[in-house]
1. At 1.306 mPa s and 10 °C, plugging the Kirkwood radius over alpha-carbon pairs of the stretch 329-433 into Stokes-Einstein gives what diffusion coefficient in µm²/s?
2. Using the Karplus equation 6.51 cos²θ - 1.76 cosθ + 1.60 (θ = phi - 60°), what ³J(HN,Hα) coupling, rounded to whole Hz, does each residue of the stretch 164-172 give in order, writing x for Gly and Pro?
3. Plugging the Kirkwood radius over Cα pairs into Stokes-Einstein for the stretch 26-103, at a temperature of 4 °C and a viscosity of 1.567 mPa s, what D comes out in µm²/s?
4. Let me know the shape class of the stretch 77-130, please: from the alpha-carbon gyration tensor, a ≥ b ≥ c as square roots of the eigenvalues, rounded when a/c is under 1.5, otherwise prolate if a/b is greater than b/c, or oblate.
5. Say the dipole of the chain comes from +1 at the beta carbon of Lys and Arg and -1 at that of Asp and Glu; which of Gly333, Ala171, Asn302 then lies farthest toward its positive end?
6. I'd like the antiparallel share, as a percent to the nearest 5, of DSSP beta bridges with both residues in the stretch 83-331.
7. Using only the heavy atoms of the protein chains and a 1.4 Å probe, how would Asp385, Asp147 rank by accessible area, largest first?
8. Over all distinct Cα pairs, what is the inverse of the mean 1/r for the chain, reported as the Kirkwood hydrodynamic radius in Å?
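The values are calculated or read from the model by the stated rules, or taken from the named source; none is laboratory data. Note that this is a predicted model, so its numbers are computed, not measured. Here the Cβ positions follow ideal geometry from the backbone for every residue, glycine too, while neighbour counts run over all protein chains shown. When the accessible area is computed, the model is the full protein with side chains, heavy atoms only, and any ligands, DNA or RNA have been set aside. Shrake-Rupley method; radii C 1.70, N 1.55, O 1.52, S 1.80 Å.
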Amino acid sequence: MMRAATTIARRQARTLSAFAPQPLGPKSASLVARESKVGAENYAPLPVVLAKGDGCRVWDADGEEYLDFLSAYSAVNQGHCHPKIVQALSDQAGTLGLTSRAFYNDVLGEYCEFMTSLFGYERLLPMNSGVEGSETAVKLARRWAYDVKGVKGDAVVIMAENNFWGRSIAALSSSSDPTCKEGFGPYAPGFDLVPYEDLAKLEAALKKHGANVAAVMLEPIQGEAGVVVPPDDYLPGVKALCEKYNCLMVADEVQTGIGRTGKLLAVDHVNVRPDILVLGKALSGGAYPVSAVLCDSEIMLNVRPGEHGSTYGGNPVAARVAMAALNALIDEGMVENAQRMGDILDGELKRLVSKRKIALDTRGRGLLRALIIDDAQKPGELAYDVCLAMRDRGVLAKPTHGNIIRLAPPLVIDEAQLDAAVSSLDEALALWD
Ligand SMILES: Cc1ncc(COP(=O)(O)O)c(C=O)c1O
């Protein structure tokens, strides 16, 4: 733990008079060149090539150490290579890896019991990625609408503008972001969008679609949109409207769930129980792709054998890894630590906002935080430059939506690491003051 702080302090001493990003080390540069020749270009990674991780710390291919303030978009809540998760992965992988769901396996039942009792639902449907989990939730909601509610026309799922739930055709069909949407049509019908945080517009949409609405599906905090935290009465208001108009409330907690916001689920902050809950990312602590959809039998059992599934979903490795990931999170007090460290980070970010001209505002919950940058000097690009300057001071983060830097370290971060990261961020911001 101390080493990270020492390394960062050493790098902070190399004060730059103006912004000039450090060149990549020789191994990193050759790895980037190698990938660039033959890899697809659907990502624009920050130039840093990671080769090792432990807790909050990662090392690049040339041996430089960093604090990870992205956590693989909140998948690595438990910290990199958590020993109990790695142990569960390797034990189960050496015993029985994959059976498909053509047969039963001896772990899935235990996993379903564990998850349903932890989250308070009757049943679980296992998938792999977050987008598959959210897609499953849409399918479950549609089937419930036809089979239980008695919808006769085409079922509608209402979502919020600026939502993000992945890259499938259904996800981009229901997206308002032209970058992920344009040029990929034709789009799947059956979705409508309303502004986030606006209960009146939601009610108007519920009235407009009348009896055809299957569900309202939302992120309790919009992560990719820039960590947009709705007012405390919003989610309870959504739930009440879903009850009033007889449709389901789906919470996509793929990014906000598993302790990230200082509670096990983000909806726990406002005591809302969604009808369908989608989990992913940190459900495996970054060791394996695991997602899950939880709901009660009245919704789950409308989908019958052969109507939905996944070769890898519910495999014994995924089930063991997820149980280990959740046990580690709970036993080691990571949820409480996220709340405690999140409060400290919030205070520090507010201090930077009052101190540094280019830091406009901050928001978030627990260890899901955002710093909004005044990028008038270089619109749409300055936040990226700030992230490069942070990288050169030993902290890794990435902008989301132009001028917003998301700050989401693993939930195992301690105060010394947090202080070191905030000093690096302060130094980086100072370059533009
Ligand atoms: C809220 C939310 N839902 C779903 C997804 C999709 O998850 P995955 O990339 O694992 O498919 C994401 C990914 O960032 C997300 O933030």
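1. Values: Rh = 13.7 Å.
The calculation lands on 116 µm²/s.
2. Karplus values, whole Hz, x for Gly and Pro: 9, 9, x, 10, 6, 4, 5, 5, 6.
3. On the way: Rh = 15.1 Å.
Diffusion coefficient, whole number: 86 µm²/s.
4. Values: a/c = 1.90, a/b = 1.14, b/c = 1.66.
It is oblate, given that a/c is not under 1.5 and a/b is not larger than b/c.
5. Ala171
6. Details: 9 of 24 bridges.
Roughly 40 percent of the beta bridges in the stretch 83-331 run antiparallel, per DSSP.
7. Numbers: Asp385 15, Asp147 80 Å².
Highest to lowest solvent-accessible surface, that is Asp147, Asp385.
8. Numbers: mean 1/r = 0.0443 Å⁻¹.
Over the chain, the inverse of the mean reciprocal pair distance is 22.6 Å.
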